[in-house]
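Here's the structure, in C-alpha cells; my notes come after.
The values are calculated or read from the model by the stated rules, or taken from the named source; none is laboratory data. Quantities reported herein were computed from a predicted structural model and do not represent experimental measurements. Ideal geometry is used to build each Cβ from the backbone, glycine not excepted, and the neighbour counts take in all protein chains shown. The accessibility values were calculated without ligands, DNA or RNA, using every heavy atom of the protein model including side chains. Shrake-Rupley method; radii C 1.70, N 1.55, O 1.52, S 1.80 Å.
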Amino acid sequence: MSDARIPAAFLRPGTSSFSDFVAENAPDLLPARRSLPAGSAAELAPHGTTIVAATFPGGVVMAGDRRATMGNVIAQRDIEKVFPADEYSAVGIAGTAGLAVEMVRLFQVELEHYEKIEGTILSLDGKANRLSALIRANLGMAMQGLAVVPMFAGYDLASGVGRIFGYDVTGGRHEEASFFSVGSGSLFARGALKKLYRDDLSADDAVRVCLQALYDAADDDSATGGPDLTRRIFPVVWVITADGAVRQSEERLGALADELVAARFVRPDGPVAPLPGGGEEASA
C-alpha cells in the first residue's frame, strides 16, 4: 500500500541521477530553469574568480581566492569558491557566484544520490561527466550573461593519481595535465604556475605554488583578491589524496601567506642595503 503523503514518483525505481529526477518532477527547482526578468543586468550579479590547481605525486591541490566583484565594486571579500564535491574530489567556481554555488550544491547531491542508489562511488571520469551535464543545462542562463565555468579535480582511485578537468560554458570537458587555472586572473596565475611547477612537488610545495599563483594573479587582476593580512582572510585550499579531501587550516595558510608576502619585499637580484638619503642598491 502506498503512502498518500509521498508522491508516487518518489517510490518508483528510476535513474541514479538526482538532477534528472528533479528535472522530471520539479523542474522549476533547478537553477538552469529560471529566467531573468526583463531589463535585468547580468553585470550586477556578483562574480567570483580565480581558481588554480596543481597535481603532485599522489594527489592534487585546488585553491581559490576570496574576492567577489560586481562591476568595479568588491561585492564580498571572504566568499568561498572551492568546495568538496565528495570525499575524493573538489570543485572550484568561476563566474556568476550565486548560480555557481547552487550548481555546486546540486552536484554534491548528485554524487551522494548516485552513491546511495548504486551502492558505490562514481568514477572520477563519471563525476566529471555529471558536472559537464549540469553546466550544459545552464547554457540558457550563460547566454543571458550568467555564465558558470567551474574547475573539477580529484584523486582517481583507479589509477592512483590526481587529475584536473576544465570546462567551457557549453559543458565541454577537457582534462588538463599538471596544473590549470580559470577566472579573470587565470592568465597571470598560469604564468606563475608554468615557472614554479615541477613533477616532483610535495603536497606542501604544491600548496605554496598555488598560493604564489593566486598572489601573482591578484597583483595584476583587480577582480582577484590576494592574501588580506589585515583582515586575516586567506585563499581556500584543499589537498586531495588517497586519504580523502582535506581543507588546509586558516592558521597554516596564514603562516604561509605571511611568509609569501614577506619574501616579496626582497628584490629578485638579492637583498638590498639602504643608501644615504633613503635610496637602495643591491648588496654585493
Inset, instruction - Work out from phi, with θ = phi - 60° and the Karplus expression 6.51 cos²θ - 1.76 cosθ + 1.60, the ³J(HN,Hα) of each residue of the range 214-224, listed in order in whole Hz, and give x for Gly and Pro. - result: 5, 5, 5, 5, 5, 5, 10, 10, 5, 7, 9
Legend entry - Whole-angstrom gap from the range 202-234 to the range 47-69, using each part's C-alpha centre: 10
Inset, instruction - Decide, for the range 198-239, between rounded, prolate and oblate: order the square roots of the alpha carbon gyration tensor eigenvalues as a ≥ b ≥ c, take rounded if a/c falls under 1.5, and otherwise choose prolate if a/b is larger than b/c, else oblate. - result: oblate
Legend entry - Accessible surface, 1.4 Å probe, highest first, among residues Leu157, Leu256: Leu157, Leu256
Inset, instruction - Pop out the ³J(HN,Hα) list for the range 183-189 in order, Karplus 6.51 cos²θ - 1.76 cosθ + 1.60 with θ = phi - 60°, rounded to Hz; leave Gly and Pro as x. - result: x, 5, x, 5, 4, 6, 5
Inset, instruction - Can you list which of the trypsin sites (Lys or Arg not before Pro) found in the range 50-142 are DSSP loop residues with at most 14 other C-beta atoms within 10 Å? - result: Arg77
Legend entry - Karplus-derived HN-Hα couplings along the range 93-98 (A = 6.51, B = -1.76, C = 1.60, θ = phi - 60°), whole Hz, x at Gly and Pro: 10, 9, x, 5, 4, x
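With a 1.4 Å probe and all protein chains kept in place, how do Thr170, Thr230, Thr55 rank by accessible area, largest first?
On the way: Thr170 70, Thr230 125, Thr55 20 Å².
The ordering from most to least exposed comes out as Thr230, Thr170, Thr55.
Is the shape of the range 45-95 best called rounded, prolate or oblate, per the rule: a/c under 1.5 gives rounded, else a/b larger than b/c gives prolate, else oblate, with a ≥ b ≥ c the square roots of the Cα gyration tensor eigenvalues?
Note, shape of the range 45-95 comes out prolate.
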Inset, instruction - Could you look at the range 84-199 and say what percent of its accessible area is carbon and sulfur, using a 1.4 Å probe and all protein chains? - result: 54
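Going through the range 165-255, which chymotrypsin sites (Phe, Trp or Tyr not before Pro) have at most 16 other Cβ atoms within 10 Å and a DSSP loop state?
For chymotrypsin sites (Phe, Trp or Tyr not before Pro) across the range 165-255 that sit outside H, G, I, E and B with at most 16 neighbouring Cβ atoms in 10 Å, the list is empty.
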Inset, instruction - Would you list, by chain and number, the lysines whose Cα falls below 17 Å from the Cα of Lys116, excluding same-chain residues fewer than 8 positions away? - result: Lys127
Inset, instruction - Name the long-range amide H neighbours of Gly59: under 5 Å, sequence gap of 5 or more, or other chain; modelled H, no Pro or chain starts. - result: Gly162
Inset, instruction - Among the lysines, select those whose C-alpha is under 26 Å from the C-alpha of Lys195, and discard any that sit fewer than 8 residues away in the same chain. - result: Lys81
Inset, instruction - At 1.4 Å probe size, with no ligands or nucleic acids counted, give the accessible surface of Asp258 in Å², nearest ten. - result: 60
Inset, instruction - Could you list which residues have their amide H under 5 Å from that of Tyr88, counting only those 5 or more apart in sequence or on another chain, with H placed in the peptide plane? - result: none
Inset, instruction - Could you pull out every residue, at least 5 positions away or on a different chain, whose amide H is within less than 5 Å of the one on Ala223? Hs are placed 1.01 Å off N in the peptide plane, and Pro or chain starts have none. - result: none
